[in-house]
Amino acid sequence: MPDVDEFAGRTVLVTGAAQGIGAAVARGFAVAGATVAAADLDADGVAALAAELTGAGRTVTAHGLDVADRAAADRLVAEVEAGAGRIDVLVNVAGILRTGAVVDTADADWDALFAVNAGGVFAMSRAVARRMIPRGRGCVVTVSSNAAGVPRQGMAAYAASKAAATMFTKSLGLELAPYGIRCNVVAPGSTDTPMQQGMWASGVSTKDGVLTGSPEAFKVGIPLGRLAEAGDVADAVLFLASDRARHITMHDLYVDGGATLRA
């Protein structure tokens, strides 16, 4: 975790903040002194997080948001800037998962994955970038997935949506570099979150299978022999958003215990 007050005086907007990686990211920035705007479709969830974290000098506000609604994304960014001041850091965490063979993938599932996982990153990043450019400063971090870089059986639609978000963020970083704005990607592997646990509950995968691999699915295990915790991913996000990473942009940082062999 960063030093206390490393982000003091900065405002950070985190989507998908009600649980899992998003909640860990919001918590990390709050502990590090940032004013945090936590957004999620689960309005009750982010309200509970804000209530937990606010106090002892920390300020966390809760905002209900469907990132697939581009007008809502614009309104939220304007609302946060009007209330907390300029947004210094945007972290795109909001995402959904649909699994299944391509031939069984419904149009609605494909559309939903791209609307949230790619469209949400586009809408939020565009809204924030328009305000960061005149200021000549800012940072965007997108939480993608290692599935964006390595084929996975039963996850083609999800992987494609995450690959789109990854390349969008890198391209955005190239466009915004002349303005001093950095854009980076964090690509987690299997992480002990409600999304991962849901895959086990539905029989899509098992914990042992994730750790040891599945030869019949052409999937290696995790060389480090452990699942990531949400905080492991949050630490990577906070590093890339910090001044310690001031010369890093358009980078794709895999946080997967070596699971992709960085293929």
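What follows is calculated from the coordinates using simple rules that are stated; it is not laboratory data. It should be emphasised that the depicted structure is a prediction, and the values quoted were computed from it without experimental measurement. A quick note on method: Cβ atoms are made from the backbone with ideal geometry, for glycine too, and the neighbour counts reach across all protein chains shown.
Structural remarks
- Exposure proxy order (Cβ contacts within 10 Å, fewest to most) of Lys219, Lys207: Lys207, Lys219
- Debye intensity ratio I(q)/I(0), log10, the chain, q values 0.15 Å⁻¹ (C-alpha model): -1.05
- Within a straight-line Cα-Cα reach of under 22 Å, Lys162 can be paired with the following lysines, leaving aside sequence neighbours fewer than 8 residues apart in one chain: Lys170, Lys219.
- For Gly189, nonlocal amide neighbours, meaning residues 5 or more places apart or on other chains whose placed amide H falls under 5 Å from its own, are Asn146, Val255, Asp256.
- Dipole magnitude for the chain: computed about the Cα centre from +1 point charges on Lys and Arg Cβ and -1 point charges on Asp and Glu Cβ, it is near 780 debye.
- Between 0 and 90°, nearest 10: helix 43-53 axis offset from the chain longest Cα axis: 60
- Ranked packing of 35-41, 51-57, most packed first, by mean Cβ within 10 Å: 35-41, 51-57
- Debye equation applied to the C-alpha atoms of region 209-250, log10 I(q)/I(0) at 0.16, 0.18, 0.27, 0.31 Å⁻¹: -0.61, -0.67, -0.85, -0.97
- Both numbers refer to the Cα atoms of region 128-235; Rg and Dmax are 16.7, 52 Å.
- Fewest-first sequence of Ile181, Ile96, Ile248 by Cβ atoms within 10 Å of each Cβ: Ile248, Ile96, Ile181
- Considering helices alone, the calculated mean residue ellipticity of the chain at 222 nm is -13000 deg cm²/dmol, with DSSP H runs of length four and up weighted by -39500 (n - 2.57) and normalised per residue.
- Cubic angstrom per residue, convex hull over Cα atoms of region 1-116: 103
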